[in-house]
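The values are calculated or read from the model by the stated rules, or taken from the named source; none is laboratory data. Note that the structure is predicted; figures quoted are calculated from it, not measured. Quick reminder, even Gly has a Cβ in these numbers, built from the backbone with ideal geometry, and neighbours come from all protein chains shown.
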């Protein structure tokens, strides 16, 4: 018997079947990769839209203009601040109007889309004064949850900040 021969007379067919299985698997993986690539191209627009809205939120703080923020927040918006305080849309807007920021910036803004939902994360660094004139120096990691509403607009439904120790 030759060193490469096998006692199994169907060895040739098993090898041929293995090759067919391998090619079938490669074909399915190629189709799956093409579908994933198409999804990423489509999702890229969502991520760009939400990132632009995050920048509008930042602009509202830089300009101390809550009117720029209002259309970004859903009617049932919920915010959990770095201090653990939970506020709704009206309370968040009232706080935004009463706060005066002298400097505000985002770092490491990332947006990941999941169909009609998107999560934005980053670091929020800001200095200013609160409604009572008390100095504020914030350094937080934040997570914003955005939903595509029935009218096609993206709105933030929840925001959460966690203080970063200095």
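Odds and ends about this structure:
- Residue 119 under 18 Å from residue 46 (Cα atoms) and either surrounded by fewer than 13 Cβ atoms within 10 Å (Cβ to Cβ) or in contact with a strand residue (DSSP E or B) (Cβ under 9 Å, 6 or more places away or on another chain) (or both): yes
- Residue count for region 119-152, restricted to those that are in contact with a helix residue (DSSP H, G or I) (Cβ under 8 Å, 6 or more places away or on another chain) and either modelled with pLDDT of 95 or more or in a strand (DSSP E or B) (or both): 6
- Residues being surrounded by fewer than 16 Cβ atoms within 10 Å (Cβ to Cβ), assigned to a strand (DSSP E or B) and at pLDDT 95 or above - total across region 153-164: 1
- Residue in region 88-98 that is out of contact with any strand residue (DSSP E or B) (no Cβ under 6 Å at 6 or more places or on another chain), farther than 17 Å from residue 141 by Cα and not in a helix (DSSP H, G or I) present: yes
- Scanning region 107-116 for residues that are surrounded by 12 or more Cβ atoms within 10 Å (Cβ to Cβ) and assigned to a strand (DSSP E or B) turns up 109, 111, 112, 113.
- Within region 57-81, tally of residues that are part of a helix (DSSP H, G or I), without any contact (Cβ under 8 Å) to a residue 40 or more places away in the chain and surrounded by 13 or more Cβ atoms within 10 Å (Cβ to Cβ): 6
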